[in-house]
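*Asks:* Let me begin by handing over the structure; questions about it come next.
The values are calculated or read from the model by the stated rules, or taken from the named source; none is laboratory data. Everything numeric in this text was worked out from a predicted model, so none of it was measured. When we count neighbours, we look across all protein chains shown, and the Cβ atoms used for this are built from the backbone with ideal geometry, even at glycine.
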Amino acid sequence: MVRQVARQRISDAWAQKGQHAVEEFDATELNPQQLKSVIASINMFAPERLVVLSNVQANKVLLAELEFILPEAAPGVDILIVADGELDKRTKAYKFLKQSSEFLEMALLAEAKLVQWVQNQVRAAGGSITAQNARFLVGFAGQDQWKLANEIEKLVLFSAEVTEEAIKGLVEPDLQTNTFSLLDAALAGTKDWRKLFVQLQRSADAYEFFGLLIWQMHAVALAATSSSSEQFAEAKLAPFVAQKSKQLAQKWGRARVEKAVRIIAELDTQLKSTGEDPWLLIERALVRMQAV
C-alpha cells in the first residue's frame, strides 16, 4: 500500500488513544532544535504520543541531525518519519534510519500490478471494471494509489460498471501523466490530442503545464540520445518516467525528437516575450509538432 495509506492507518490507530495523541509537523518548517523540543517534551494530556514528521527529504539540515535528535525522545513518544520524495540512499541519514528504525520503502507499483490493484479495488467497492478501462484510469489519473482509491469510490458510486466515459467525465486528470499522453498524441497526429488538450486547459495553469512539457521533453530527449540508466538517475527521473520517455523516444525517432525540442524552445521564447495567450501559443506549438 502506498505511503499515504500506511501513514493514515498508523495515525488513525494512535488517534484512538486520545485527542492529543497525534501531532503532525512539516519538516521544512522545523529546525533541529525545534524538533528536539517537540519530541523531548512531555504532554500531560497525552503520555503516549505519535509525532508525524513529513517531507523530511526536503530539509537536509534536519535530516543530517536526526541520528542525534531522535534518541532525545521522551518515554512514550513514537516518531513516524515520512519522506514524501526520494531519500538519497548515499546519505548517513538514510543509513541511520534503515538500521535504527522500522524502515519501510513504498515504491509505486509497476503498471501491470497497478492495473490489477485497480480491478481489485473496484471489485471490493462493489463494482466492475475491465482491464482495458483499469489501464485507462491509471493513465488518466496517474499512479498515486491514494488518489486512485478516492476516484474509484467516486466512480462506483456513480455506476457499478466503471466505463471510459465515466472516467473522462468524473476523474480529475493527472497533469504529469497526461502531458506525456498529449505529447504522444500530438506527434502521432491523432485527433485525441485536442480532447486531452481541452481537458487540461480547463483544469491546469498554462505555465505549470508548460513547465511539465519542458521537463518531459528533456526526459524524452535524454532517452533519444542515451540508454544509460545512470544518466536517468543523475537527472533524478523516476523509473516510470524513464520507461515512458524511452518508449516515446523509440516511437518518434531521434530526428523528430530534436525537431520537437526546437519547437518547445521557440515556444519558451514566445511565452516570455510576446504577451499572447499562453494556451494559444501552446496549442500552436502542438499543431507544429504534428508536421515534424
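*Asks:* Could we say that Asp88 is surrounded by fewer than 17 Cβ atoms within 10 Å (Cβ to Cβ) and closer than 30 Å to Thr179 by Cβ here?
*Replies:* Judged against the criteria, Asp88 is a match.
*Asks:* Just to check your reading of the model, which residue among Gln143, Gln201 is in contact (Cβ under 8 Å) with a residue 24 or more places away in the chain, touching a helix residue (DSSP H, G or I) at 6+ places or on another chain (Cβ under 7 Å), surrounded by fewer than 20 Cβ atoms within 10 Å (Cβ to Cβ) and more than 18 Å from Gln243 (Cβ to Cβ)?
*Replies:* It is Gln201.
*Asks:* Among the residues of the range 169-180, write down those that are under 14 Å from Arg135 (Cβ atoms) and at pLDDT 80 or above.
*Replies:* Scanning the range 169-180 gives a single hit, Val171.
*Asks:* If you go through the range 213-228 one residue at a time, how many are out of contact with any Asp or Glu (no Cβ under 9 Å at 6 or more places or on another chain) and buried (at least 19 other Cβ atoms within 10 Å of the Cβ)?
*Replies:* So the count comes out to 7.
*Asks:* Further question on the same structure: In the range 5-14, is there at least one residue being at pLDDT 85 or above, buried (at least 17 other Cβ atoms within 10 Å of the Cβ) and touching a strand residue (DSSP E or B) at 6+ places or on another chain (Cβ under 6 Å)?
*Replies:* no
*Asks:* For the range 104-111, check the following and say yes or no: at least one residue is under 30 Å from Ala64 (Cα atoms) and in contact with an Asp or Glu (Cβ under 9 Å, 6 or more places away or on another chain).
*Replies:* Yes, some residue in the range 104-111 is under 30 Å from Ala64 (Cα atoms) and in contact with an Asp or Glu (Cβ under 9 Å, 6 or more places away or on another chain).
*Asks:* Here is a list: Gln270, Gln247. Which entry is over 14 Å from Leu183 (Cα atoms) and assigned to a helix (DSSP H, G or I)?
*Replies:* Gln270
*Asks:* Being at pLDDT below 85, more than 21 Å from Ala110 (Cα to Cα) and surrounded by fewer than 16 Cβ atoms within 10 Å (Cβ to Cβ) is true for just one of Gln290, Gln243. Which residue is that?
*Replies:* Answer to the check: Gln290.
Residues checked against (1) more than 22 Å from Glu48 (Cα to Cα); (2) at pLDDT below 90; (3) part of a loop (DSSP other than H, G, I, E, B):
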site: Leu62; (1), (2), (3): yes, yes, no
site: Glu67; (1), (2), (3): no, yes, no
site: Gly85; (1), (2), (3): yes, yes, yes
site: Lys95; (1), (2), (3): yes, yes, no
site: Gln99; (1), (2), (3): yes, yes, no
site: Glu102; (1), (2), (3): no, yes, yes
site: Leu109; (1), (2), (3): yes, yes, yes
site: Trp117; (1), (2), (3): yes, no, no
